[in-house]
Amino acid sequence: MDRERIQKVLDERKEPAFRAKQIMAAIYGQRISSWEQATSLSKELRDALVDVPVSTLTLSHRAQSKKDGTVKALFTLADDKEIEAVMIPNGDFRTVCVSSQVGCAMKCSFCATGTMGLKRNLSADEIVDQVLFFEKELAPKNERVTNVVFMGMGEPCANLDNVFESIRIMNSKDGLGIGARKISISTCGIVPGIRRIAEFDLQINLAVSLHAPTDDVRSEIMPVNKAYSIGQVLDACRDYLRQTNRKLFFEYVMLSGINDSIEQADELGAVLKDFRPLIQVNLIPFHQSFFEFRPTARAAIERFQSIVLAAGIPCTIRHSAGVDIAAACGQLALERKDK
Ligand code: SF4
């Protein structure tokens, strides 16, 4: 919902303050698709709102994996820019991966979104509406979105005010009612952002993309490392753990011949050893096809995992969802642009 435009209509009509709450209840609670369905509002108010779209997003493309049911949605925004969101079903979980920006300025060299550059930040409403879209899709099956991860297009810590505001709406009982512990922010290692998340009053999860155990390799694949080195990122992570007492996740995308050697697994174990056992490393199989990077073979990922585990660090291999529908961030938007 576009709260700013809705509020303008309410102000023009001098509606009482509780009307905004009624509208929130219609949109987030009743999950209306058109104002006509908002029968708690007067006919006059519904007519006055008719030019304000119920959602800030228009679905422009939808793809569903035949293999695992993952759904990827491409949305057009009011200014014709495009973003993506993904819903990953896994057992009882329905995890939605949301975008926080149109494009991204961070230019990680293995990432489709990074090649687009940054177009603009998303508003809190545009972020929440991605989750709401999937809530509406799941409703006929009596299912709900269970988890939200900020791992789509964009760097959440570069748009943290709007990201925090969106999390408040998702978490609020007047909003989507999703538990804070079911919401995760993933950052490429923006140190001031990690420090702000540590101060945030809601108990959300944090994942930090490390992707290499040494500054030389990390700087090669993640330009952000030149601004915030591994040492600075880990210092902020140490403070985060001290302040929050919450588990911290390190993401590590496996790129053949770049960051996946036995020596690098040893180095990763050494770099993270004083974090044991409060952290978890998630190894991410790479499956994009736009770049010169190649995926690490499964056996080599498992060997890497066993070395990290032997160092006493919990380490999992992430399940690759939606490979057949280009579900990695930025892929679908780029593919469609190419076409
Ligand atoms: S991996 Fe994340 S931070 Fe890096 S360019 Fe892609 S969207 Fe941006």
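The values are calculated or read from the model by the stated rules, or taken from the named source; none is laboratory data. Note that the structure is a prediction, hence the values are computed from the model and not measured. Positions of Cβ are generated from backbone atoms using ideal geometry, with glycine treated the same way; all protein chains shown enter the neighbour counts.
Quick one: what pairs do we get from region 2-17, first residue not assigned by TED's automatic domain parsing to the domain that holds residue 162, second basic (Lys, Arg), C-beta under 6 Å, 6+ apart or different chains?
Final answer for the pair search is 10/19.
Can you find a residue in region 223-231 that is crowded, with 18+ Cβ neighbours inside 10 Å and hydrophobic (A, V, I, L, M, F, W, C)?
Within region 223-231 (the criterion being crowded, with 18+ Cβ neighbours inside 10 Å and hydrophobic (A, V, I, L, M, F, W, C)), the answer is yes, since at least one residue qualifies.
Cβ-Cβ distance below 6 Å, separation of 6 or more or different chains: which pairs start in region 101-118 with a residue that is more than 19 Å from residue 286 (Cβ to Cβ) and end on one that is more than 8 Å from the ligand (Cβ to nearest atom) and assigned to a helix (DSSP H, G or I)?
101/159; 103/116
For region 30-44, state whether one or more residues are surrounded by 17 or more Cβ atoms within 10 Å (Cβ to Cβ) and among the charged types (D, E, K, R).
no
Which of the residues that make up region 256-267 are in contact with a helix residue (DSSP H, G or I) (Cβ under 7 Å, 6 or more places away or on another chain) and farther than 14 Å from residue 316 by Cα?
Hits for region 256-267 are 258, 259, 260, 262, 266.
Hey, could you check region 144-167 for residues that are within 12 Å of the ligand (Cβ to nearest atom) and part of a loop (DSSP other than H, G, I, E, B) and say which is farthest from residue 74 (Cα to Cα)?
The selected residue is 155.
Mind listing whichever residues of region 9-50 are farther than 27 Å from residue 142 by Cβ and within 30 Å of the chain's Cα centre (by Cα)?
Quick first cut of region 9-50, residues farther than 27 Å from residue 142 by Cβ only: 9-20, 42-50.
If the condition is that a residue be farther than 27 Å from residue 142 by Cβ and within 30 Å of the chain's Cα centre (by Cα), then 20 is the only one that fits.
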